[in-house]
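Each reported figure results from applying straightforward, stated rules to the coordinates on display, with no laboratory input. This is a predicted model, so every value here is computed, not measured. In this analysis, Cβ positions are derived from the backbone assuming ideal geometry, glycine residues included, and neighbour counts consider all displayed protein chains.
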Amino acid sequence: MSAAPSDSPGPPGSPDTPSPAPDGHGAEDPPQLPADLGWLPKDLAELDAERPPRLTPGRLVAGLFSAALVIVLLAWALPWATGTDWDEIAGTLAALPTWAVPAMVLLGAGALLLEAVTVRAALPGARWSGVLLAHPASAATTLAVPGGTVIGLGLMGWILRRSGLVLPVILTGIVAASLVEMALTSVLIPLLGLAAYALNPVLTPAEITLPGALWAALLAVLGAVLALALTLVMLRRSVLTALLGQLGEMIPDHLSRLILTQRDVLVEMLRRRWLPLLGPTLGARVLQWAALVLAIEAIGAEVPLLLTVAIFALGRVLSLVPLTPGGAGVTETVGAAALVALGVAAADAAAAMLLLLVTMLLVPLLAGALTTAMALALTPDRREAD
């Protein structure tokens, strides 16, 4: 996050002079949010409602269709892409060492916990109990519903609001954590994967040719870099001030002041707390990559370490496509095909990717379902007026 906006403070009263926010909580006088949050995206506008954000019938149908597509992909595409059948895959799964599944569960839980540490760093004053309920619930919603990122963030914000956190801190924290996730998962990890793919022929004799996947990764990285660059430009105070001025009466003056104040808080947070924000999420991705390495180890195969980085990065790129939950089915099929191209036996390759699915999908979904139920049933409402 060292590339966070670094506007130099201008003279007093200039557009680039930030409001004082030394502790990450905002200016000296806490900003007041309007009672009507309709100016937010629809799925975030109910943060202060009595009930949590609800799925629309259309989203429910899309989720069910997506789940069915995962089943079809795993049942048909995975054996087809690897050249095996489910009898052989089941035999390999049955022969896995006893430590394999528990290790995947622990790594998945560890990754979730580290991500929650980043969320807590982005939310000064938040209770750990609220964060540990809110983040898994949000992650599970994002995975379970195609295009469910905003719904998941809305659910996170609703749980945090009930835990007593004020709305300006929640909104700023959500933006900060989302920027970290974008920078790492959408930009840094795919770039590392492409670098590993390019360096592998130089350092090891193994080769893998996935031209279609390579172009997909390049396009995904390009899109993410452009989105991140645009976001950073928008965070310049002079740019944001000019934009708000152009919108005129569409945004009331008090809301414009609030947006600028929270922009200052966000930029100060990214400057001063980049390591607590970046480090835990990076650690979470390392644990997920370690799960892939252990899954390959569990089937008794040998794959060059650099290529495990490339395969993991390719999986993260595919997970960004909102076709199935977390790219499930697609990620396993492409990853297994890549392992076969490296000389791994077909049934072993399919079993390794299914084992990784425990870390990447099953653990977050189950943890999120549990924490959502706990938040709805057990969390007292500690909301206070902002």
How would you order 74-82, 89-97 from highest to lowest mean count of nearby Cβ atoms within 10 Å? 74-82, 89-97
On the formula 1/(1 + (r/R0)^6), with r taken between the Cβ atoms of LEU60 and TRP128 and R0 of 41 Å, the FRET efficiency rounded to 0.05 is 0.80
Least to most buried among MET360, MET104, MET374, by other C-beta atoms within 10 Å and fewest first, runs MET374, MET104, MET360
With +1 on each Lys and Arg Cβ and -1 on each Asp and Glu Cβ, and nothing else charged, work out how big the dipole of segment 61-372 is about its Cα centre, in Debye to the nearest 20. 1420 debye
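Most exposed first by the Cβ proxy, i.e. fewest other Cβ within 10 Å, how do SER319, SER138, SER178 rank?
SER178, SER319, SER138
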Computed FRET value (nearest 0.05) for LEU362 with LEU243, which takes r as the C-beta separation and R₀ as 41 Å: 0.45
As I understand it, the dipole of segment 61-372 uses +1 on the Cβ of Lys and Arg and -1 on the Cβ of Asp and Glu, about the Cα centre. Which of GLY91, ILE174, LEU73 lies farthest toward its positive end? ILE174
Of the candidates LEU318, ALA367, LEU230, the farthest towards the positive dipole end of segment 61-372 (Lys/Arg Cβ +1, Asp/Glu Cβ -1, centred on the Cα centre) is LEU230
Rank these for me by crowding, SER256, SER238, going from fewest to most other beta carbons within 10 Å. SER238, SER256
Length gained if ALA195 through LEU378 is fully extended, taking 0.36 nm per residue and subtracting the Cα-Cα distance, is 61.2 nm
If I take all pairs of Cα atoms in segment 61-372, what percentage of them are more than 36 Å from each other? 22 percent
Once you sort the root eigenvalues of the Cα gyration tensor of segment 102-178 as a ≥ b ≥ c, which label holds: rounded (a/c under 1.5), prolate (a/b larger than b/c) or oblate (the other case)? oblate
Would you mind calculating the gained length between GLU302 and ALA68 on full extension (0.36 nm times residue separation, minus the Cα-Cα distance), in nm to one decimal? 80.9 nm
Could you tell me the calculated FRET efficiency between TRP76 and VAL286, based on Cβ-Cβ distance and R0 = 35 angstrom, to the nearest 0.05? 0.60
When the Karplus curve 6.51 cos²θ - 1.76 cosθ + 1.60 is applied with θ = phi - 60°, which whole-Hz ³J(HN,Hα) does each residue of segment 229-240 get, with x for Gly and Pro? 4, 5, 4, 5, 5, 5, 7, 5, 4, 5, 5, 5
Taking 0.36 nm per residue of separation between ARG271 and TRP86 and subtracting their Cα-Cα distance, the length gained on full extension comes to 61.5 nm
